[in-house]
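Q: Pasting a structure here, questions to come.
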Amino acid sequence: MTNTDRNMMGKITFYEEKNFQGRSYECMSDCSDMSSYLSRCQSCRVESGCFMVYERNNYMGQQFFMRRGEYNDMQRMMCMGMMFDNMKSCRMIPYHRGQFRMKIYERENYGGQSYEMMDDCDNIQDRHRMSDCQSCNVMDGHWLMYEQAHYKGRMMYMRPGEYRGFKDMGMSGMRFMSMRRIMESM
């Protein structure tokens, strides 16, 4: 395996205790249910790549984006109301080369105003005069969508695919006001 191949893979290690202590679980791909490996997660280390971690099994519920780095006390990072010691699943975000394209819609089921995006947008109200985003079609690349302008609030990972609404992903009632591309340099 070349260094380039290694850099395009992801590796995250979860620990039951703070400061990388206790039982651990190493993951290099998606894991829909980590509960059989760990009873809780108090710290983690992302050695390479980017991951989304979820508070519920099967990639549901609150999400948090994790990039390369050490997170020695997850309880100190309880932003957005997520209970980090209850992480139940994780998804590796593959590195994407090429263009980014996503069409956003103001209403569920591709209704209302729509705009095609190819770069980050810190506020869809200011840029496109849209009140919010309730459905989308991701054609190219991987994106993070945020419930508030300027990349704040709860977030959701969007990979290529059609999203008629967000309630099937455990995000009932979510509306998004900003979105950014997931790039290696994030």
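Every residue, every condition in (1) more than 17 Å from the chain's Cα centre (by Cα); (2) not basic (Lys, Arg), yes or no:
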| site | (1), (2) |
| --- | --- |
| Glu108 | yes, yes |
| Ser131 | yes, yes |
| Asp140 | no, yes |
| Tyr146 | no, yes |
| Lys152 | no, no |
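Q: Follow-up. Report the residue count in the stretch 133-164 for those that are at positive phi and surrounded by 15 or more Cβ atoms within 10 Å (Cβ to Cβ).
A: Matching residues across the stretch 133-164 total 3.
Q: Spot the failing condition for Glu116; the list is (1) modelled with pLDDT of 95 or more; (2) closer than 17 Å to Met156 by Cα; (3) of a type outside the set (A, V, I, L, M, F, W, C), and only one is missed.
A: Checking Glu116 against (1) modelled with pLDDT of 95 or more; (2) closer than 17 Å to Met156 by Cα; (3) of a type outside the set (A, V, I, L, M, F, W, C), the one that fails is (2).
Q: Every residue in the stretch 31-78 that is charged (D, E, K, R), under 23 Å from Met158 (Cβ atoms) and modelled with pLDDT of 90 or more, please.
A: Hits for the stretch 31-78 are Asp33, Arg67, Arg68.
Q: Let me ask another. Test each condition in (1) of a type outside the set (D, E, K, R); (2) within 18 Å of Glu184 (Cα to Cα); (3) over 14 Å from the mean Cα position of the chain (by Cα) for Ser39 and report the one that comes out false.
A: (2)
Q: Anything in the stretch 34-53 that is without any contact (Cβ under 8 Å) to a residue 60 or more places away in the chain, open to solvent by less than 60 Å² (accessible area, probe 1.4 Å) and out of contact with any Asp or Glu (no Cβ under 7 Å at 6 or more places or on another chain)? List them, or say none.
A: Met34, Ser35, Cys44, Val46, Ser48, Gly49, Phe51, Val53
Q: Out of all the residues in the stretch 84-127, which are without any contact (Cβ under 8 Å) to a residue 40 or more places away in the chain and open to solvent by 30 Å² or more (accessible area, probe 1.4 Å)?
A: Of everything in the stretch 84-127, those that are without any contact (Cβ under 8 Å) to a residue 40 or more places away in the chain and open to solvent by 30 Å² or more (accessible area, probe 1.4 Å) turn out to be Arg97, Lys103, Tyr105, Arg107, Gly112, Gln113, Ser114, Tyr115, Glu116, Met118, Asp126, Arg127.
Q: A follow-up question, please. When you scan the stretch 24-79, how many residues do you find that are among the hydroxyl-bearing types (Ser, Thr, Tyr), over 11 Å from Phe14 (Cβ atoms) and in a strand (DSSP E or B)?
A: Here the count works out to 2.
Q: Further question: Name the residue that is surrounded by the most Cβ atoms within 10 Å (Cβ to Cβ), counting only residues in the stretch 54-63 that are without any contact (Cβ under 8 Å) to a residue 60 or more places away in the chain and more than 24 Å from Asn19 (Cβ to Cβ).
A: Looking at the filtered set, the residue picked out is Asn57.
The values are calculated or read from the model by the stated rules, or taken from the named source; none is laboratory data. Keep in mind it's a predicted model, so treat the numbers as computed, not measured. Positions of Cβ are generated from backbone atoms using ideal geometry, with glycine treated the same way; all protein chains shown enter the neighbour counts. Surface accessibility is based on the protein's heavy atoms, side chains included, excluding ligands, DNA and RNA. Shrake-Rupley method; radii C 1.70, N 1.55, O 1.52, S 1.80 Å.
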